[in-house]
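Please treat every number below as a calculation from the coordinates, not as lab data. Everything numeric here is computed off the predicted structure, so don't read it as measured data. Heads up, the Cβs are rebuilt from the backbone with ideal geometry, glycines too, and the neighbour counts pull from every protein chain shown.
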Amino acid sequence: MTALLVALAYAFSPSTKLNYDVDVQLDGFLPLMGGQEGQVGIKMMVAVTGGEPSDGRLKSSSEIQSFEVAFNGAKLPVGVDNVKEYFPKTTIEIEPTGKIVKSDAPDKKLPIRLPGLDVKHFPDVTYVPIELPAGDVEAGKTWTFSRDFGGAPIEYSCKAESESNGIWTIAVNLRQSYTVLESPTYEVVASEADASSVVKTTMTGEGKVMFSSLAGRVESAEMVNTAKSEVTDLKSKATKARTLVTKYKIKLPTGAQAVASKSTQGQPWWQKIALGARDVLVWLQAATLFGLDALPKELETFRPALSHVAKGLGLLLGRLT
């Protein structure tokens, strides 16, 4: 039996109009409110439109249409308008293989650093999650590529596993390593004078991408990434470990799963109170970082004070929990 050979390529055009449902779940150590173990759930809808190809390159634009985020099941006051300050409508130029050669995404830094997330690479984790090989593909073919995220490359290895009715199942594995300096409030800083610790992180991940060779687009993708960090105190040289698991689900179209919250059943009363206060403070920090759209607008003038209070109380709660 002759093996099926086909060239895989993206095919954005002016007629392209897609809506991707994106579901991201983070579970583990989060650089919020003095550093907390918890769960963050993000649901959004991303609209993708195609442009006129030029010089052999494809053009496409993406824009977040809806956005919700919850911490331990409690919705945070971060809406789509807040998020668009960091992730505005972005237009990219790509080769048919999916290699991104140009982007007008802003060069902004997020208030916190999370593994695998970078403002300039939003398309990379949504509708263009992988690059495709040049030439024909058959079941069993493997290839590799690299993408830079926040100054640290992510190395990808892919394998075309099977094809059914024009839909290719592609297995994806990735790896990224980076080192940052961190302040006492868990913010990434550039100077050792402002830092209390150095954090070395290695992220590995695996998942599947379903790619349509007929439509020239990703139909769905799922990834599970695990980031393991070693934190070294600059003064005492003591070390501790952190872990953060991130699950991505992108589909065209679908509904996202509800965010589950961890139970506090069986915990001491004082820890329940601390955890409840922690959730409130995470809400407060989200408001001070992204805008107080869930509070009266008059409170915007208190943003700096609220931010300082949140950081100070967050450090205290970090010791309690």
For the GLN65, ALA9 Cβ pair and Förster radius 25 Å, calculated FRET efficiency rounded to 0.05 is 0.40
With the charge dipole of the stretch 6-261 built from beta-carbon charges (+1 for Lys and Arg, -1 for Asp and Glu) about the Cα centre, the Cα from LEU244, LEU174, PHE87 projecting farthest to the positive end belongs to LEU244
So GLU95 and ALA171, fully extended at 0.36 nm per residue minus their Cα-Cα distance, gain in nm 25.2 nm
Residue separation between ALA241 and GLU37 times 0.36 nm, minus their alpha-carbon distance, gives in nm 72.2 nm
From fewest to most C-beta neighbours within 10 Å, the residues LYS251, LYS84 line up as LYS84, LYS251
Note on the stretch 6-261: alpha-carbon gyration tensor, axes a ≥ b ≥ c; rule is a/c under 1.5 for rounded, else prolate if a/b larger than b/c, else oblate; result prolate
Subtracting the Cα-Cα distance of VAL189 and LYS208 from 0.36 nm times their residue separation yields 3.4 nm
Contact order relative to length for the stretch 6-261, counting C-alpha pairs under 8 Å separated by 6 or more residues, stands in percent at 20 percent
At R0 = 25 Å the Cβ-Cβ FRET efficiency linking VAL119 and THR179, nearest 0.05, sits at 0.80
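Taking the Cα centre of the stretch 6-261 as origin, work out the dipole magnitude from +1 charges on Lys and Arg Cβ and -1 charges on Asp and Glu Cβ, in debye rounded to 20.
Numbers: 28 positive and 32 negative charges, 63 e Å.
I would put it at about 300 debye.
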